[in-house]
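Please read the structure below before turning to the comments.
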Amino acid sequence: MTDITSLFSSSSVSGALAVERAIAELRAGRPVALTEGAARLLVFPAENLDAESAVLIENLATGRANLILSAQRLRRLGVERERPGAIAAPRLDMERIGALLADEEARIDAPVASPGAAEEAALDLLRLANLLPGAIVAPLTESLPQLQEVSGADVRSYRSKKVLSLHLVGRAPVPLEGAPNSEIVVFRGGEGLRDQAAVIVGKPDLSGPVHVRLHSACLTGDLFGSLKCDCGDQLRHTAKIMAESGGGVILYLDQEGRGNGLANKVRAYRLQACGHDTYDADEILGFGLDQRRFGYAARMLDLLGVTRVRLMTNNPAKIEALRAAGLDVTDQRIQGRPTPQNIHYLATKRDRAGHYLDVDIPPAGG
């Protein structure tokens, strides 16, 4: 009989479990403890701050709290920085912290200090949890049994460990509209407790370059047919091309909203409705141009036996990511239909992120 403790004995496994438990706690609105050497910090997501949690933090902490914000959010507040910054929060004022976190009109109201490694790890932990990148941190002098504890080192190594642990858990034929000879393969792993899927269209020849698309999940476009983007168009067009040209592989990656998560994507949509473009909206919320990572996409292809790729994309970052992972990559340009609702979105991706898109912006009022 297997000793259950042996299942959790390696530092790699225990470290990843600690990160995943911390993610679950933060998403539930509960604080966690983060250690860095001899230092220990209480970490709480600023977006969940309310009167009850403010009292809890003040009772548990043994020193003054700080608000840690990303460089992108600080830029919107009027402070140019290359790295995150710390703003003193001696009193957990919900209105002030909420404004500093995400108000599009807010400006910095206090000096910004350079955070340490632990504070930066706290911010990364919130990103893994798909929460806004604003962390309330405060010192702790001892371990508290009521708080899930995680180390900064485990947060920093989490993604690479999850790539290595990715494994296939199920597969079955699933006929799709336009691609009836298809199979869906599910992998356990990736970031933040999410499974990943591959759609194998037809019978691709693995001895040569295989048509591949890295498609990040887009609930609004893929399922509901949103006119704000071209994601659903690209997905269905890709499957049709693969079905007509010998097959291919679509990796359907759970990285909604360029890796920011569904809630933050919808928050960004609200800002876009107020006149901001897609990247400015993300920056107001504290995010960079693109938070997605494609290391585990390369691992999925490896597990499927694909080593040579004809990548169907208009995103140069995807091409570079697969080449960096050691794959032989050529590309085939693809884009969805420009519509009156998405034309400026497509042009913004072309102009600000270098996407290979053939988009003509109509004149004002046209």
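The values are calculated or read from the model by the stated rules, or taken from the named source; none is laboratory data. The shown structure was predicted, so the numbers you read here are calculated from the model rather than taken from an experiment. Virtual Cβ from ideal backbone geometry, glycine too; neighbours counted across all protein chains shown.
Among all residues of the stretch 204-212, there is none that is touching a Phe, Trp or Tyr at 6+ places or on another chain (Cβ under 7 Å), over 30 Å from residue 15 (Cβ atoms) and not basic (Lys, Arg). A residue that is of a type in the set (Gly, Ala, Ser), more than 26 Å from the chain's Cα centre (by Cα) and assigned by TED's automatic domain parsing to the domain that holds residue 142 occurs nowhere in the stretch 70-82. Scan the stretch 81-135 for residues that are over 23 Å from residue 268 (Cα atoms) and of a type in the set (A, V, I, L, M, F, W, C) and the total you get is 11.
Of the residues making up the stretch 177-213, just one is in a strand (DSSP E or B) and acidic (Asp, Glu), namely 183. Note on the stretch 101-111: among residues that are touching a residue at least 40 places away in the same chain (Cβ under 8 Å) and buried (at least 17 other Cβ atoms within 10 Å of the Cβ), the one that is nearest to residue 157 (Cα to Cα) is 101. Within the option set 294, 287, being buried (at least 18 other Cβ atoms within 10 Å of the Cβ) and within 22 Å of residue 212 (Cβ to Cβ) holds for one residue only, 294. Just a yes or no: is a residue in the stretch 339-352 within 20 Å of residue 237 (Cβ to Cβ), free of Cβ contacts under 8 Å to residues at least 24 places away in the same chain, touching a strand residue (DSSP E or B) at 6+ places or on another chain (Cβ under 6 Å) and part of a helix (DSSP H, G or I)? No, the stretch 339-352 contains no residue that is within 20 Å of residue 237 (Cβ to Cβ), free of Cβ contacts under 8 Å to residues at least 24 places away in the same chain, touching a strand residue (DSSP E or B) at 6+ places or on another chain (Cβ under 6 Å) and part of a helix (DSSP H, G or I). On the basis of being assigned to a strand (DSSP E or B) and either buried (at least 21 other Cβ atoms within 10 Å of the Cβ) or out of contact with any helix residue (DSSP H, G or I) (no Cβ under 7 Å at 6 or more places or on another chain) (or both), does residue 136 make the cut? Yes; evaluated as a whole, the condition is true for this residue.
If you go through the stretch 133-188 and keep only what is among the β-branched types (Val, Ile, Thr) and touching a Lys or Arg at 6+ places or on another chain (Cβ under 9 Å), you end up with 141, 150, 163, 169, 184, 185, 186. Scan the stretch 296-320 residue by residue and report those that are without any contact (Cβ under 8 Å) to a residue 40 or more places away in the chain and touching a Lys or Arg at 6+ places or on another chain (Cβ under 9 Å). Hit for the stretch 296-320 is 317, nothing else.
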